[in-house]
1. What's the number of the condition Asp21 fails, among (1) closer than 14 Å to Ile87 by Cα; (2) without any contact (Cβ under 8 Å) to a residue 24 or more places away in the chain; (3) surrounded by 12 or more Cβ atoms within 10 Å (Cβ to Cβ)?
2. Any residue at all in the stretch 11-18 that's modelled with pLDDT under 95 and farther than 15 Å from Ile87 by Cα?
3. Could you check Ala39 against (1) among the aliphatic types (A, V, I, L, M); (2) in contact with a Leu (Cβ under 9 Å, 6 or more places away or on another chain); (3) exposed (fewer than 12 other Cβ atoms within 10 Å of the Cβ) and say which number it fails?
4. For the stretch 31-97, which strands (runs of 3 or more DSSP E) that fit wholly inside it have 3 or more residues that are free of Cβ contacts under 8 Å to residues at least 40 places away in the same chain?
5. Of all residues in the stretch 45-97, how many are aromatic (Phe, Trp, Tyr) and over 12 Å from Trp18 (Cα atoms)?
6. If you check Glu72 against the conditions, is it more than 25 Å from Ser92 (Cβ to Cβ) and at pLDDT below 95?
Amino acid sequence: MNKKTAIPLLHIELTALWGNDDAESTIKISCSQWKEIQAGGKYEMSAWGWYEGSRFPVAWKFADETVTIDGEDGMQCVLDLSVSELIVEASSTEDPS
């Protein structure tokens with residue numbers, strides 16, 4: 001009988017803080033995508049931002065080793081922040097296949 005073993009998949013969680021560190025947003029991306037971003041690649045992703053317990057939609061935009069995070073109605077949360085200044089954590093999930 002063949003038994004399948006769960007394979008851990010690594011992901012990278014990126015967190016940006018702004019507004020005296022009162023507001024934040026976190027996204028999860030693949031390791032390969034993170035390497036591309038660090039090399040200056042472009043990538044965009046929608047996520048949630050948080051401020052005083054309330055959430056709001058944000059858009060992360062990476063280019064040229066920087067990130068810009070925009071909120072609703074023209075709100076600019078982060079502008080051209082170096083990706084080296086993000087909080088970076090590796091996390092794993094198990095792939096049941």
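1. Of (1) closer than 14 Å to Ile87 by Cα; (2) without any contact (Cβ under 8 Å) to a residue 24 or more places away in the chain; (3) surrounded by 12 or more Cβ atoms within 10 Å (Cβ to Cβ), only one is false for Asp21: (3).
2. Taking every residue of the stretch 11-18 in turn, none turns out to be modelled with pLDDT under 95 and farther than 15 Å from Ile87 by Cα.
3. The single condition Ala39 does not satisfy is (2).
4. Numbers: elements: 43-51, 54-63, 66-70, 76-82, 87-95.
So the answer is 43-51, 54-63, 66-70, 76-82.
5. Step one: of the stretch 45-97, the residues aromatic (Phe, Trp, Tyr) are 48, 50-51, 56, 60, 62.
In the following step, the residues that additionally are over 12 Å from Trp18 (Cα atoms) were identified as 48, 56, 60, 62.
Looking only at that region, the number is 4.
6. It is true that Glu72 is more than 25 Å from Ser92 (Cβ to Cβ) and at pLDDT below 95.
The values are calculated or read from the model by the stated rules, or taken from the named source; none is laboratory data. It should be emphasised that the depicted structure is a prediction, and the values quoted were computed from it without experimental measurement. Positions of Cβ are generated from backbone atoms using ideal geometry, with glycine treated the same way; all protein chains shown enter the neighbour counts.
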